Amino acid sequence: MTRSLEVHWLGVAASGVLALWLAGSGAPAFAQGSGTDIPLIVLVDDGEEHALSRRGGIVQEALDELRDQLSRYGYDVKTEEILAANFDWDLSGRLDTTELLRIAYAAKESGRPELDTRAVVIFSVHGITKDQGFATNVELTLRGSIYDAEAQRQLSRFGPLSRSSTAPANCAESCVEQVGRPIANELAAIAGDEARKELAQLTKQPRAGASGSSSAGQTTAAYEDGLTTIFAIRFENFTTNEMFEVIEVMEQEFPGFVRSRDIEGTPVRATYGYISRAPSSKIYRWINILLMDMGLDPDSRVQVVKRGTEITLKKLGGDEPGGSAPQGARFE
């Protein structure tokens with residue numbers, strides 16, 4: 001006889017979210033392997049029907065091991081209590097993946113650098129028990145997905161991973177939990193290793209020696225790998241020549257450029273889609289350098305406003321045009 005683990009208080013699906021948090025500026029924001037100190041937050045998705053409450057022992061065992069596994073590779077792992085304390089949010093009820101993604105995106109858009117998300121990892125544990133008459137078989141399966149929090153899209157998956165163990169006949173709730181904890185621990189350890197490998201590939205740190213180099217080629221090579229981000233660059237009150245000057249330099253000289261999207265609107269109010277592997281803090285800095293090179297001082301002639309991946313360039317006052325940006329490796 002096969003039964004849902006919900007019968008034994010274990011539930012069918014125990015899920016968790018790892019929201020990768022990056023400081024909005026300063027140190028390099030991309031991880032490769034270990035020692036990066038990139039913060040992570042762990043949340044639990046228990047919103048599915050028959051799902052195990054994240055307050056249960058099986059889920060806590062999985063989350064603890066996953067947290068330890070990622071911490072060993074240099075990630076700064078936080079828990080849902082951090083969000084609840086910082087935002088006074090009530091996270092006591094059951095939450096599904098959609099709700100957890102909304103929570104992660106809301107934290108990212110809060111304007112607080114210490115809570116700025118970069119990626120989200122959602123993992124699920126499914127389990128059943130099988131009554132074999134002389135014994136009870138407990139089986140768990142874990143799988144997960146990684147999401148880009150800036151572009152709000154799915155990046156990759158890991159798992160499914162399955163393990164089972166035999167428990168005594170007529171195994172009750174406490175018995176199933178006792179048998180299930182080691183299974184959850186083992187699955188979480190394997191999943192943590194898979195997840196950190198995926199994250200290392202998707203969020204590679206600029207290569208040693210590339211950043212700050214005087215060679216444009218070396219600096220560009222630093223951003224050949226890693227997550228791509230779609231930036232919305234908004235121009236207000238720019239001349240046509242100024243707008244195209246900014247776009248040309250961004251596409252030809254900014255490291256990490258992947259491709260662009262069509263411009264919508266007019267130079268008076270236009271939106272330009274810019275896709276890059278460079279972090280948003282770098283794009284913001286390089287745009288300010290570019291404007292200064294063009295004689296459009298961000299402290300007086302252009303207001304530069306960054307909100308997540310949206311950067312607005314609003315030209316202030318008079319119609320005096322800016323100059324041409326010099327050539328050279330200025331963006332590192």
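So here's what we get for this one:
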item	result
Selected residue (criterion: surrounded by the most Cβ atoms within 10 Å (Cβ to Cβ)) from residues of the stretch 171-186 that are in contact with a strand residue (DSSP E or B) (Cβ under 7 Å, 6 or more places away or on another chain) and closer than 15 Å to LYS130 by Cα	GLY180
Residue within the stretch 290-302 that is assigned to a helix (DSSP H, G or I), over 13 Å from MET243 (Cα atoms) and at pLDDT 90 or above present	yes
Enumeration of residues in the stretch 108-120 that are outside any strand (DSSP E or B) and either among the charged types (D, E, K, R) or modelled with pLDDT of 85 or more (or both)	LYS108, GLU109, ARG112, GLU114, ASP116
Flag for THR141 being surrounded by 17 or more Cβ atoms within 10 Å (Cβ to Cβ) and in contact with a His (Cβ under 6 Å, 6 or more places away or on another chain)	yes
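This table checks each residue for (1) assigned to a helix (DSSP H, G or I); (2) in contact (Cβ under 8 Å) with a residue 40 or more places away in the chain.
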{"site": "ALA85", "(1), (2)": "yes, no"}
{"site": "TYR105", "(1), (2)": "yes, yes"}
{"site": "ILE122", "(1), (2)": "no, yes"}
{"site": "ASN137", "(1), (2)": "no, no"}
{"site": "LEU155", "(1), (2)": "no, yes"}
{"site": "THR166", "(1), (2)": "no, no"}
{"site": "ASN170", "(1), (2)": "no, no"}
{"site": "VAL176", "(1), (2)": "yes, yes"}
{"site": "ALA189", "(1), (2)": "yes, yes"}
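Every residue, every condition in (1) at pLDDT 85 or above; (2) farther than 24 Å from LEU227 by Cβ, yes or no:
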| site | (1), (2) |
| --- | --- |
| ALA106 | yes, no |
| GLU139 | yes, yes |
| ARG143 | no, no |
| ALA151 | no, no |
| LEU155 | no, no |
| SER162 | yes, yes |
| ARG181 | yes, yes |
| GLU194 | yes, no |
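The values are calculated or read from the model by the stated rules, or taken from the named source; none is laboratory data. These figures come from a predicted structure and were not determined experimentally. Note that we place each Cβ from the backbone using ideal geometry, even for glycine, and neighbour counts take in every protein chain shown.
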